[in-house]
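Student: Starting off with a structure, shown below.
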Amino acid sequence: MSKLASGQAIIQEFESWSKKKYAEDGDPIGLQVGSLNKKINKVMTALDVLPNVVDEAIREGVDLIIAHHPILYRPLKKINLDTEQGKMIETLIKNNITVYAAHTNLDVAPGGVNDMLADALSLKNTKVLVETFQNKYKKIAIFVPATHEVDVREALSNAGAGYIGDYSDCTFSSNGTGRFRPTEGTTPYIGETGELEAVPEVKIESVFPEDLQSKVIRAITKAHPYEEVAYDIYPLENESEKLGLGRIGHLENDMTLEEFASFVKDKLGASGIRIVGDLQSTVKKVAVLGGDGNKFIHAARFSGADVFVSGDIYYHVAHDAMMEGLQIIDAGHNIEKIMIEGVQKKLQSFMQDKRYDTEIIPSRVITDPFQFR
């Protein structure tokens, strides 16, 4: 008998990565159409939700579409079934297909759209281009019997604790003696009711981003053998984790702008590109930002980028970039399609870990409105 994930379980896991609070104010993310209160046989990841994508979802027997671009980006005052958008929404509802959107929160998320683009361009030592969110850190100290030290440390790491820079599984352990007296009505893992116990215990300390606190506590509570888990949580003054839009990094090997433009077109699967700058100039430092990059050219320039890779660049914005000495490769908004397989792989990993039989498939239809000749 197959074990299917619920829509709620899928989105809960997805939002533990692409958190809603990462989104820009006013971004209409989240549930767009339908219900998540159902079992999901098949999920399709997509950049856009258009009639041809909906037709594909119907052919493939999809129950849930997870898209990057919201279909309700511009608020609807009515659903007119005589319009193409109205007909599409009607088709989704009649076929019981739920649509969920993750937009700027997926752009900002570590490992999200902008990191996918940076990885595809083989950028090294990447940093956030425009900071939009700070995630403060906390420290947790857990007291556990030595027999379960490994289990609790693994639970901490699996919940996202213990990351310091590029190092994972960072913990510190110290030995001591735990004392407690189980009272009436308790079922102690160690000791007898009414008797004072002294138990060799290990104090495990680790750090975690504060938005993972609930997940960390659930993980250690599940792994810990005691009825009542003893732990302390402290706020830290350490530098916060900085998240945001775009990435900036260095190429492993210098290229001319002309060579790099061809490289971008190939690696990001762009049908065509527009270039601003001297084709024979040297490119070492690259800024990349998925989607509309117009309001970020100054950030790219101030970051020291030789070239800014983005989309939808306006004519006069290109002039501004030229005057500031910033070169641009406009590879189009559609390069964000990189998220289709990126999110598919992320969710497929979750299904395997939880032993769900829910299938995750990538959309294959073309949604780029532009053609190049």
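Student: In debye, nearest 20, what is the charge dipole magnitude of the stretch 139-246 about its Cα centre with +1 on Lys and Arg Cβ and -1 on Asp and Glu Cβ, if you could check?
Tutor: 100
Student: For the chain, what is the accessible area per residue in Å² when the probe is 1.4 Å?
Tutor: So the chain comes to 53 Å² accessible per residue, rounded to a whole number.
Student: Which percent of the accessible heavy-atom area of the chain goes to carbon and sulfur, probe 1.4 angstrom?
Tutor: 48
Student: Net charge near LEU47, counting Lys/Arg +1 and Asp/Glu -1 over other residues with Cβ under 10 Å of its Cβ?
Tutor: Local net charge: -2.
Student: In a GNM of the chain with a 10 Å cut-off on Cα contacts, which of ALA101, ALA146, ALA23 has the highest mean-square fluctuation?
Tutor: Of ALA101, ALA146, ALA23, the Gaussian network model singles out ALA146 as fluctuating most.
Student: On to the next question. Which residue, chosen from ASN114, PHE143, SER157, occupies the Cα position most advanced towards the positive end of the dipole of the stretch 31-174, where the dipole is computed from +1 (Lys, Arg) and -1 (Asp, Glu) charges on Cβ about the Cα centre?
Tutor: Comparing the listed Cα positions along the dipole, PHE143 ranks first.
Student: Okay, next question. Provide, for q = 0.13, 0.14, 0.17, 0.21 Å⁻¹, the log10 of I(q)/I(0) from a solvent-free Debye sum over equal Cα point scatterers in the stretch 13-155.
Tutor: The Cα Debye sum returns log10 ratios of -0.74, -0.81, -1.01, -1.25.
Student: Here's a follow-up. Lysine pairs in the stretch 1-91 with Cα distance under 15 Å, only those 8 or more apart or on different chains: how many are there?
Tutor: For the stretch 1-91, qualifying lysine pairs total 4.
Student: Students often forget the sequence filter, so: which aspartates and glutamates lie under 14 Å Cα-Cα from LYS215 once same-chain residues fewer than 8 apart are removed?
Tutor: GLU13, GLU15, GLU154
Student: Sticking with this one: Which percent of Cα-Cα pairs in the chain sits in each 10 Å bin, short to long?
Tutor: Using 10 Å bins, I get a P(r) of 5, 20, 25, 23, 16, 8, 3, 1, 0 for the chain.
Student: Also, I was wondering about something else. Picking from PRO235, VAL207, ALA219, whose Cα lies most toward the positive end of the charge dipole for the stretch 202-243 (charges on Cβ: Lys, Arg +1; Asp, Glu -1)?
Tutor: Positive-end residue among those listed: ALA219.
Student: Using a 1.4 angstrom probe on the protein heavy atoms only, could you order ARG274, ARG355, ARG179 from most to least accessible area?
Tutor: Listed by decreasing accessible area, they come as ARG355, ARG179, ARG274.
Student: If you don't mind, there's one more thing I want to ask. Only Lys, Arg, Asp and Glu count, each charged at its Cβ (+1, +1, -1, -1), so figure out the dipole size of the chain about its Cα centre, rounded to 20 debye.
Tutor: My answer is approximately 740 debye.
Student: Can you give the extra length, in nm with one decimal, that the chain gains between LYS354 and LYS3 once fully stretched, where that is 0.36 nm per residue apart less the Cα-Cα distance?
Tutor: So the chain would gain 125.4 nm between LYS354 and LYS3.
Student: What's the longest bit of the chain with no exposed GluC sites (Glu not before Pro), using DSSP loop states and at most 12 other Cβ atoms within 10 Å as the test?
Tutor: For GluC sites (Glu not before Pro) (loop position, at most 12 other Cβ atoms within 10 Å), the longest site-free span of the chain is 1-183.
Student: Once Lys and Arg get +1 and Asp and Glu get -1 on their Cβ, which of ALA305, SER2, ILE79 lies farthest toward the positive end of the dipole of the chain?
Tutor: ILE79
The values are calculated or read from the model by the stated rules, or taken from the named source; none is laboratory data. Since we're looking at a predicted model, the values are computed, not measured. FYI the Cβ positions are ideal-geometry reconstructions off the backbone, even for glycines, and counts take in every protein chain you see. Accessible surface areas use protein heavy atoms only, side chains included; no ligands, DNA or RNA. Shrake-Rupley method; radii C 1.70, N 1.55, O 1.52, S 1.80 Å.
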